[in-house]
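The values are calculated or read from the model by the stated rules, or taken from the named source; none is laboratory data. From a predicted model like this one, the values you see are computed outputs, not experimental measurements. For neighbour counting, all protein chains shown are included, and Cβ atoms are generated from backbone atoms with ideal geometry for every residue, glycine included. Surface accessibility is based on the protein's heavy atoms, side chains included, excluding ligands, DNA and RNA. Shrake-Rupley method; radii C 1.70, N 1.55, O 1.52, S 1.80 Å.
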Amino acid sequence: MVDSGNTYGERVSRLVGWGHWFAFFNIIAAMLIGTRYISQSPWPDTFLGQLYLAVSWVGHFGFLVFALYLLILFPLTFLLPSSRIFRFVSVCFSTFGLTVLLIDTQTYQSFNFHLTPVVWELIFSDENSAISADLQHLFILLPLIFAIELGLAEWVWRKQRRLSHKHIGRPLAAIFFVAFICSHLIYVWSDASLYTPVTSQRSNFPLSYPMTAKSFMEKHGLLDREEYRRKLEQKKKENVDLVSYPLEPLSFDRRPNDLNILIVSVNNLRSDSLNPKDMPHASAFASMNLNFINHYSSSNDMFGIFGLFYGLPSSYSGSIAVQGTLPVLMSTLQKQDYHFGLFSGDNFDDSLYAKTVFRGLPLEKIPFNQPDESKDEQVIEQWSSWTQQQANSPWFSYLELVTVQDFDAIHQTNPGKETPDQHLKENYELSVQTADSELSLLFKRLNENKLLDSTVVIITSNHGTEFNETKTNSWGSNTNYSNYQLKVPLIIHWPGRVASAFTHKTSHLDVSVTLLQDLLGVSSNPSDYSSGRNLFSEKPRRWILAGDARELALITKNNTTVIDKFGNFKVFDKNYKRQPDKTPTLPILMQGLTELQRFYTKSN
């Protein structure tokens, strides 16, 4: 169609009017596509939550599309006064935008987060993955979207004057403007009031950054910061229905075996410390029993114990602690009338035990009044006395030995001229040797009390310890996810099982599954109550899961991928050297991220 405007000003004026109407219909298209986000998000339970969802849906997509028009297309109105060229560019741009929005909805459905450059690169770098194929299929719609946009552009161009004469442009603009302002005002109030049905919708839509104004409100006397913090703590305590654990009630298919269970954690003991030189007694015990030599803790900090008992990644620990849910392993033992004997070399100084793992169970308090014996030795003696009082009832016992954890307190008898680094390592080796002598005392008491024929004995650690072997200035633990901080010993004495050395990868997440299945008679699928599997399953696994509340680490044969909660990732090789040009395979990433979401209850 020939432009009716003869002058540059008239052509620009008509293109501006056309652009506004073209943007309006694309807002409607974006809103329709945006309903996929609503269908994949929990439906708010309250009227205000539903009102916010409605006004944010209208206001956000209205603002997003019109802002892109103003930033990209509106300036081109003055640079491309030819209507045909400008409309063609507008059609191409809108087609691209709606296609990307469609892909983002699929990404949100699959991963529960929106597209970023990193996620885009990851998704389309693995052409053979099913997820990548599904997303690429969306590009089939691109010609259809282009044809619809082309027809829309021509129709709006022809009907522009008639649309303008209806005088509905300003009322429509007012609706979008009011919806946008209302959504942000509702969120400001909800954020300050900790109103979860609204604040939980913060990331429903892409490029959504709801306004907060706590500092402004505090400055003008509208918010009491101390009262806000008090409410925040109270809110955390009230939100107890956060995790469905287990996902389904456990089922049992056979009579449980009434063997006793003893779990021993030699805190901070790294895997390579289990050798005949430093730990001759423990090494000999391992050679006569089940030795898992490729075993990983589920965390590089104290929350390895959380994974050991719950079989879940550490990211669930906060919600579990608020709910007060015992590990499935412990609750099953309670139902099967096991007696509990829980002992620690520091009297369970870490709150993880009393508030989470052993919540409501009796923790033995030891006076440590024998100066000639180490605390761990006194713990073992107290435990030995306790076992002799258990008559014929099966029991579960946990021993936390802290000698290696407190290796800085070890004093060398003949200190040399070592550097501080060498001094730390030598102290650690001395503490390991001391822990081995303490374990020899434990083995002696097990024999004396005739417990080895009736007790499953598990010896492991909460996490390892690094002395800067990765050359990243990493010392101790909780600094990276290298083998030095994650690999720990796992020795199991299981009456009736033949001594073996297992080389397949195993995890702390597998321990509770194994006890529940092979000892306590549970027949439920492990995926209903754990992220692990049976220790004795030697089927190759694609990854081992570790991490903390902030990050997820996926350890594969050749790489370790560390992912944060926003989807940003770093890839390291077997020696924990950063590989900036490598990307993880999409199926592994997706499975790992799924494990971080699987047990959460989707509700507002």
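Key figures for this structure:
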item: Selection status of Gly592, part of a helix (DSSP H, G or I) and of a type outside the set (A, V, I, L, M); result: yes
item: Filter result for Leu163 (part of a helix (DSSP H, G or I) and open to solvent by less than 50 Å² (accessible area, probe 1.4 Å)); result: yes
item: Top-ranked residue in the range 547-564 [being closer than 19 Å to Phe306 by Cβ and either outside any strand (DSSP E or B) or of a type in the set (Gly, Ala, Ser) (or both); ranked as most open to solvent (accessible area, probe 1.4 Å)]; result: Arg550
item: Residue count for the range 523-541, restricted to those that are within 21 Å of Asn294 (Cβ to Cβ), part of a loop (DSSP other than H, G, I, E, B) and touching a helix residue (DSSP H, G or I) at 6+ places or on another chain (Cβ under 6 Å); result: 6
item: One residue from Lys355, Lys365 being open to solvent by 20 Å² or more (accessible area, probe 1.4 Å), part of a helix (DSSP H, G or I), of a type in the set (Lys, Arg) and without any contact (Cβ under 8 Å) to a residue 60 or more places away in the chain; result: Lys355
item: Test: residue in the range 218-236 that is modelled with pLDDT of 90 or more and either on the phi > 0 side of the Ramachandran plot or not in a helix (DSSP H, G or I) (or both); result: no
item: Residue in the range 73-82 that is free of Cβ contacts under 8 Å to residues at least 24 places away in the same chain, under 31 Å from the mean Cα position of the chain (by Cα) and either open to solvent by 50 Å² or more (accessible area, probe 1.4 Å) or farther than 29 Å from Met590 by Cα (or both) present; result: no
item: The range 193-217, residues that are touching a His at 6+ places or on another chain (Cβ under 7 Å) and either open to solvent by 70 Å² or more (accessible area, probe 1.4 Å) or part of a helix (DSSP H, G or I) (or both); result: Met211
item: Residue match in the range 376-386 (condition: among the β-branched types (Val, Ile, Thr) and more than 30 Å from Ile544 (Cα to Cα)); result: yes
item: Candidate set from the range 8-61 (those that are crowded, with 17+ Cβ neighbours inside 10 Å and outside any helix (DSSP H, G or I)); member that is nearest to the chain's Cα centre (by Cα); result: Ser41
item: Residues located in the range 92-113, provided they are modelled with pLDDT of 80 or more and open to solvent by 30 Å² or more (accessible area, probe 1.4 Å); result: Cys92, Phe93, Phe96, Gly97, Val100, Gln106
item: Only listed residue being closer than 30 Å to Val488 by Cβ and surrounded by 14 or more Cβ atoms within 10 Å (Cβ to Cβ), chosen from Ser190, Ser273, Ser183; result: Ser273
item: Top-ranked residue in the range 297-332 [being open to solvent by 10 Å² or more (accessible area, probe 1.4 Å) and in contact with a His (Cβ under 9 Å, 6 or more places away or on another chain); ranked as nearest to Ser530 (Cα to Cα)]; result: Phe303
item: Residue among Tyr187, Tyr245, Tyr209 that alone is at pLDDT 85 or above and within 22 Å of the chain's Cα centre (by Cα); result: Tyr245
item: Every pair of residues 6+ apart whose Cβ atoms lie under 6 Å, when the first sits in the range 140-169 and is under 12 Å from Val91 (Cα atoms) and charged (D, E, K, R) while the second is in a helix (DSSP H, G or I) and open to solvent by less than 70 Å² (accessible area, probe 1.4 Å); result: Glu149/Val91; Glu149/Ser94; Glu149/Thr95
item: Residues of the range 404-426 that turn out to be at pLDDT 90 or above and in contact with a helix residue (DSSP H, G or I) (Cβ under 6 Å, 6 or more places away or on another chain), as a count; result: 1
